[in-house]
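In what follows, a single structure is set out as structure tokens and then discussed.
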Amino acid sequence: MQINQPSNQIKLTNVSLVKIKKGKKRFEIACYKNKVLEYRSGVEKDLDNVLQIPNVFINVSKGQVANKDDLSKSFPSIKLDDIILEILNKGELQVGEKERAAELERVHNEVVDIVAGKVVDPKTKRVYTVGMIEKALDMLSSQAGHQGQAHKEEKKEERKEREHAKEEAAAAKTNEDETAAAPTEAGGNADDKGKDKEKEKKHLPKWTGVTTTKSAKSQALEAMKALIAHQPIPIARARMRLRITCPTSILKHSVKSAPKEGEDKSTGTVKDRILSFVEQVETQDVIGDEWEVVGFVEPGAFKSLTEFVGTQTKGKARAEVLDMAVIHEDD
């Protein structure tokens with residue numbers, strides 16, 4: 001006897017699911033493995049190669065197709081094709097272990113490549129190899145793991161110390177002695193200094209490894225901050241090479257306001273302030289009625305420089321990026 005499936009059930013196998021929750025309803029679409037990530041990264045643009053079937057489901061594994069009423073309530077005034085695109089772009093991707101590992105490796109390699117292109121040895125100004133950057137990040141991630149375990153043990157020790165301190169305080173009430181209290185207080189101050197140093201270490205940027213939930217660019221910035229803060233190898237951000245031009249008529253104007261926090265505190269003329277941002281001047285010249293300087297600037301100072309140029313010169317001066325990251329300078 002032949003058993004017919006319900007008309008709203010479609011059986012699919014070997015799929016990657018993309019899910020989205022709207023209100024109390026959860027919707028799914030069925031895609032080919034690995035194709036969702038390729039579509040989101042822009043590698044794959046043909047939806048026919050991404051979607052196993054152009055439909056929205058309540059449950060793909062059971063083949064339950066979402067009915068029109070549920071879709072219209074959750075996605076008002078949106079066509080089915082647009083609903084599919086919204087789920088594909090914004091939904092949560094459910095992938096298998098192999099796909100997840102492949103994506104993690106791809107992001108890891110991209111992060112390491114970005115970092116390797118933007119940091120240098122501060123003495124030689126030479127770029128580090130990808131392998132050296134990878135080892136340095138591995139050192140930080142393993143260190144973060146040890147610190148996490150050590151933090152738990154510290155909490156236990158702190159609880160024991162507090163209990164012990166309470167017992168000592170109770171005993172001290174029965175027999176107070178000022179001369180004995182003095183060295184105890186000094187010891188306490190030394191302990192406080194040690195704790196302050198530990199707190200400073202805890203507030204430094206940490207690196208625990210890559211994740212697939214953030215972009216490679218943002219993770220690369222986090223990795224660079226951690227590398228520079230902890231210095232597992234001598235490392236610094238590669239400097240930017242800029243060309244700054246300014247009309248000679250305003251070079252000797254006095255600076256109107258004090259520098260913001262984090263800026264160089266040098267005062268004086270517009271020219272003095274511009275040069276204070278430049279770590280190393282390559283060339284400096286007057287061409288016609290414009291003064292031009294080409295030099296190297298720390299990436300962290302670039303924003304302050306552009307703000308100064310825009311506000312203090314009312315846009316008459318310009319800062320042009322010639323090289324985002326100078327990784328080596330010829331003698």
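The values are calculated or read from the model by the stated rules, or taken from the named source; none is laboratory data. This is a predicted model, so every value here is computed, not measured. Because the Cβ atoms are built from the backbone with ideal geometry, glycine has one as well, and the counts that use them run over all protein chains shown. Side chains included, ligands, DNA and RNA excluded: accessible areas come from the protein's heavy atoms. Shrake-Rupley method; radii C 1.70, N 1.55, O 1.52, S 1.80 Å.
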Among the residues listed as 51, 12, the single one being at pLDDT below 85, more than 31 Å from the chain's Cα centre (by Cα) and not small (Gly, Ala, Ser): 12
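In the stretch 277-331, which residues are in contact with a Cys (Cβ under 9 Å, 6 or more places away or on another chain) and open to solvent by less than 30 Å² (accessible area, probe 1.4 Å)?
Hits for the stretch 277-331 are 291, 293, 309, 313, 317.
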Please work out which one of (1) of a type in the set (Asp, Glu); (2) modelled with pLDDT of 85 or more; (3) in contact with a Lys or Arg (Cβ under 8 Å, 6 or more places away or on another chain) is the condition residue 81 fails and give its number. (3)
Restricting attention to the stretch 233-256, the residues that are assigned to a strand (DSSP E or B) and either more than 14 Å from residue 122 (Cβ to Cβ) or open to solvent by 70 Å² or more (accessible area, probe 1.4 Å) (or both) number exactly 10
Considering only the stretch 17-32, how many residues are over 31 Å from the mean Cα position of the chain (by Cα), surrounded by fewer than 22 Cβ atoms within 10 Å (Cβ to Cβ) and part of a strand (DSSP E or B)? 1
For residues in the stretch 110-132 being open to solvent by 70 Å² or more (accessible area, probe 1.4 Å) and assigned to a helix (DSSP H, G or I), which is nearest to residue 234 (Cα to Cα)? 132
Would you check if residue 65 is modelled with pLDDT of 90 or more and under 30 Å from residue 133 (Cα atoms)? no
How about the stretch 77-92: which of its residues are open to solvent by less than 40 Å² (accessible area, probe 1.4 Å) and over 13 Å from residue 22 (Cα atoms)? 84, 88
Criterion: open to solvent by 100 Å² or more (accessible area, probe 1.4 Å) and either over 29 Å from residue 298 (Cα atoms) or at pLDDT 70 or above (or both) - qualifying residue of 135, 199: 135
Taking the stretch 213-232 and the residues there that are exposed (fewer than 14 other Cβ atoms within 10 Å of the Cβ), of a type in the set (S, T, N, Q) and farther than 11 Å from residue 136 by Cα, the one that is modelled with the lowest pLDDT would be 213
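Within the stretch 55-64, can you find the residues that are open to solvent by 30 Å² or more (accessible area, probe 1.4 Å) and either farther than 17 Å from residue 90 by Cα or in contact with a helix residue (DSSP H, G or I) (Cβ under 6 Å, 6 or more places away or on another chain) (or both)?
59, 61, 62, 64
I'd like to check something: does the stretch 17-33 contain any residue that is among the aromatic types (Phe, Trp, Tyr), more than 24 Å from residue 107 (Cα to Cα) and modelled with pLDDT of 85 or more? Outline the logic, then answer.
Step one: filter the stretch 17-33 for residues among the aromatic types (Phe, Trp, Tyr), giving 27, 32.
Okay, now just the ones that are also more than 24 Å from residue 107 (Cα to Cα), so 27.
Going one step further and asking which of them are modelled with pLDDT of 85 or more, we end up with 27.
Yes: one or more hits.
Listed here are the residues, each with its yes/no results for (1) in contact (Cβ under 8 Å) with a residue 12 or more places away in the chain; (2) in contact with a strand residue (DSSP E or B) (Cβ under 9 Å, 6 or more places away or on another chain).
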{"position": "21", "(1), (2)": "no, yes"}
{"position": "33", "(1), (2)": "yes, yes"}
{"position": "39", "(1), (2)": "yes, yes"}
{"position": "54", "(1), (2)": "yes, yes"}
{"position": "60", "(1), (2)": "yes, yes"}
{"position": "69", "(1), (2)": "no, no"}
{"position": "76", "(1), (2)": "no, no"}
{"position": "79", "(1), (2)": "no, no"}
Six or more apart or on different chains, Cβ atoms under 6 Å: show the pairs whose first residue is in the stretch 125-144 and closer than 15 Å to residue 209 by Cα and whose second is open to solvent by 20 Å² or more (accessible area, probe 1.4 Å) and among the hydrophobic types (A, V, I, L, M, F, W, C). 136/233
